[in-house]
Amino acid sequence: MTLKQSISSIALAGSLLIVPVVAQEPAQSGNAADNTRINTRDRKTTEVTADNQKNNVSDRDITKHIRQSLAKDSSLSTYAHNLKIVTQNGQVTLKGPVRSEDEKKAVEAKATAVAGENKVTNELDVKEQ
């Protein structure tokens with residue numbers, strides 16, 4: 001292979017690595033994927049967010065066991081499996097969408113079974129289908 005062929009091969013390989021970037025339109029307020037309102041709410045300093053999760057063993061274990069309990073229940077929606085669970089000094093806050101009132105109650109019951117009675121704040125929202 002000549003030097004010219006090597007340079008051409010390298011140039012061709014380099015050009016294959018370039019991926020075109022496609023501009024995306026910002027989410028519209030009527031779009032089901034638009035969660036701007038919720039994200040704005042979570043920016044308030046008074047709102048519990050994942051940043052508030054304590055790093056002590058007890059709080060991490062509570063969060064972990066609730067997450068495992070939710071993951072094991074195949075009757076729950078993907079929404080319920082991906083909720084925000086924040087534990088601060090044994091107090092659990094649940095946030096995010098669920099598919100129904102029944103699912104909301106089931107998630108709260110699972111969290112209460114792990115954390116204890118009067119230790120769960122349920123801020124779950126029922127997402128319209």
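Rule-based calculations on the coordinates, nothing more; no lab input. Please read all numbers here as calculations on a predicted model, not as lab measurements. Using ideal geometry, Cβ is built from the backbone for each residue, glycine included, and neighbour counts are taken over all protein chains shown.
A few comments on the model shown:
- Gain upon complete extension [SER74, ASN89; 0.36 nm per residue less C-alpha separation]: 2.5 nm
- With the simple spin-label model, which puts each label point 7 Å out from Cα in the Cβ direction, the ARG99 to ASN118 separation comes to 3.5 nm.
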